[in-house]
Structure formats: structure tokens, C-alpha cells
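First comes the structure, then the notes that go with it.
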Amino acid sequence: MKIIDQLRGDTMGLSCELFPPKEGGQLANALDIVHQIAKREVDFISVTYGAGGSAVGKSVAIAAEVEQSGVPAMAHLTCVNATEASLEKTLDELQARGVRNILALRGDLPAGMVLEHTEYRHASDLVKKIKSYGDFCVGGACYPEGHPESAGLDDDIEKLKYKVDNGVDFLVTQMFFDNAILYNYMYRLLAHGINVPVVPGIMPVTNARQITRICQLSGTKLPLHFRAIVERFADDPEAMKQAGINYATTQALDLLANGFKDVHIYTMNKPEVIGGMLDNLSHIVRRGKVTS
Ligand code: FAD
């Protein structure tokens, strides 16, 4: 199923992100996580992709397993250092294995990898390629707090408009912890003529040290009231997990109540995290009619 059709439907839901095991890691573990999550009612499962093409086989295999388990898969695909031939090979594999949804990304060149191919400089180039190559539903990334490399939020949104005009069907946001930031961003997108559906991405924080690092890398801000929670429970893993799931549930509830059809959960491969949120929202997701 194409994600854009779900987003145009009338039910609300949660989707989640998985990442393949690192070099030498067990693919079987990741496939087991797919099955644990697929038992729950999630809208779709996305599978990340190592920029520069590392572990591409595992990403495709996991996305295919998601589809096999009856849940729509969204395969991430990056274009930094890619060639026309390498992209077409991956697109052919995805198509052959029934994956119809792709999140088109530029990616960041991994440390130590030399840039050899510059045919695809921006995600917008990849969007155009995928749309002309096959019958795929294509998502793009967007950044409510601005992409770290951009000159500013308006500049970033102007570039985003170009990406959307190249064929993006829907957008998935970088994580944020304050919904007001997203609502402000939505006004700015509309002002720039961007009106494709937006899927907010949120992360239930279960590891205080990890979130500090992620925020430093992505430029995401932790609001003071949430920082207090992280600092208070940092040394108690079970308490931190419960607090993280509850904070993310409150965020998701507010987003669904305000008209978003799907909220994407950055689960860090923990089935109990998406499971906890689905339990908290069991009378809301996959049933509730969106009235506006
Ligand atoms: P782009 O849309 O190309 O934008 C990158 C920068 O270039 C921005 O500053 C933008 O303003 C600027 N720009 C865009 N177009 C132009 C133009 N035409 N001219 C000049 N400047 C331009 N990374 C991975 O490696 N694997 C993943 O699986 C992955 N999944 C992600 C999922 C989500 C939801 C998000 C938000 C990010 C993900 N990333 C992933 C990280 C992403 O690859 C990085 O943030 C990367 O730096 C930018 O990718 P992009 O697709 O947003 O790039």
C-alpha cells in the first residue's frame, strides 16, 4: 500500500522507524523486531539506509520482510556518492520485493569515506530520479528547526519547496520535542506553498546520554520542562523509559488531536517503546475519524 493513500484516509495511527544492524550485526535480530512490531497495528515501518551504501543489502532485506509481514514498508534511500547504476540496482530490488514507498534522502558522507560521485547532490535530484524510474510513493525529510547546514529556516524551506516540486508525495520531520515548533513550521510551509501531508517524527527518549548526543548532532532543542525530566531520571533506566514513552504519548496525542494522520516514532529498534505508545493510545489510533 502507498503511504500517501493512508495519509489521505480517515484513520489516525502511528508508524515507526527501524535501522539495520551495524557491520557484523545479526540480521536475524532485526527481522525478529520486525515481526514483534508487525503484530501491533502500525501504519507503516520505515527502514533506515547507511549513507554511502553501507549495509544496503540488509536495509532492502528488512524492508522486504516488513512488506511480507503485511505492514507497508518505507525504505530510506540516500544519494550522496551514489551513481545512476547503483541507485537503479537498489530501485530494481525494492520494486521486485514489493516495496512501494521510499524516503528519498541526500544522506551525510560517513567519516573516512571519499566523495567520488557527485551526480546526485541533493535529495531533490534523487526524488526526480525515483519518480521517473518507477511507480513509487516518495517521501522527503524536513526540519522544523532548520537543517544544520542551511542559512536559516526560510532558506531551508525554499530548498524544500524545490524538493517537493520535484515529486515528493509527503514529508517526514526530523524529531522535535516541542509541538509549538511544528505548528509554527506548518504555517511557514503553507506560506511557501508547500501543502503535501506532513508526518511528524518524535522520539520517546529512553536513554538520557544518547539524546544529548543526538540533539548536538541534529540541532534539535530540548525544551526546559523536558530537560528536567531527562535530568531527573537519567540514572534510572526503567523510570527514564516510562517517562520517555509518556512524554512522547502526550506529544503524539496533541498532534493527532490537531489533525495529523500519522505520527512517526523513532523507536531505536525497541518494540516495547512503540508497543507502550500504542497501548496508551489504544482507543485512538487506527479507529478515530479525523473530523477536520
Ligand atoms: P537535502 O534535502 O538535500 O538538504 C540538505 C541540505 O542542503 C539542506 O541544508 C538544504 O537546505 C540544502 N539544499 C537542498 N537542496 C538544495 C539545493 N538545490 N541547492 C542548495 N542547497 C540545497 N540519513 C541517512 O544516512 N540514512 C537514513 O536512513 C536517514 N533517514 C532520515 C530520516 C529522516 C526523517 C530525517 C529527517 C533524516 C534522515 N537522515 C538519514 C539524515 C539526512 O540524510 C541528513 O539530515 C542529511 O544531512 C540531509 O538529507 P536531506 O535528504 O534532508 O537533504
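If you filter segment 160-193 down to residues that are in a helix (DSSP H, G or I) and small (Gly, Ala, Ser), you find that the one that is farthest from the chain's Cα centre (by Cα) is ALA191.
For the condition surrounded by fewer than 23 Cβ atoms within 10 Å (Cβ to Cβ) and of a type in the set (Ser, Thr, Tyr), what is the one hit in SER46, SER59, SER69?
Details: SER46 fails: surrounded by fewer than 23 Cβ atoms within 10 Å (Cβ to Cβ); SER59 fails: surrounded by fewer than 23 Cβ atoms within 10 Å (Cβ to Cβ).
Exactly one of SER46, SER59, SER69 is surrounded by fewer than 23 Cβ atoms within 10 Å (Cβ to Cβ) and of a type in the set (Ser, Thr, Tyr), namely SER69.
Kindly indicate whether any position in segment 123-134 is in contact with a Pro (Cβ under 8 Å, 6 or more places away or on another chain) and closer than 30 Å to TYR183 by Cα. Checked segment 123-134: no residue is in contact with a Pro (Cβ under 8 Å, 6 or more places away or on another chain) and closer than 30 Å to TYR183 by Cα.
I want to confirm something. Restricting to segment 88-111 and keeping residues that are open to solvent by less than 80 Å² (accessible area, probe 1.4 Å), of a type in the set (Gly, Ala, Ser) and within 16 Å of the ligand (Cβ to nearest atom), which single residue is nearest to SER69 (Cα to Cα)? Ranking the qualifying residues of segment 88-111, first place goes to ALA104.
On inspection, ASN166 fails the criterion of being away from the ligand (no atom under 13 Å from the Cβ) and not β-branched (Val, Ile, Thr).
Condition test on TYR266, is it out of contact with any helix residue (DSSP H, G or I) (no Cβ under 6 Å at 6 or more places or on another chain), touching a residue at least 40 places away in the same chain (Cβ under 8 Å) and among the hydroxyl-bearing types (Ser, Thr, Tyr)? For TYR266, the condition - out of contact with any helix residue (DSSP H, G or I) (no Cβ under 6 Å at 6 or more places or on another chain), touching a residue at least 40 places away in the same chain (Cβ under 8 Å) and among the hydroxyl-bearing types (Ser, Thr, Tyr) - is met. Within segment 153-174, identify whether any single residue is open to solvent by 60 Å² or more (accessible area, probe 1.4 Å) and small (Gly, Ala, Ser), and answer yes or no. No: zero hits.
The values are calculated or read from the model by the stated rules, or taken from the named source; none is laboratory data. Note that the coordinates shown come from a computational prediction; the quantities given were computed from them, not determined experimentally. Heads up, the Cβs are rebuilt from the backbone with ideal geometry, glycines too, and the neighbour counts pull from every protein chain shown. Accessible surface areas use protein heavy atoms only, side chains included; no ligands, DNA or RNA. Shrake-Rupley method; radii C 1.70, N 1.55, O 1.52, S 1.80 Å.
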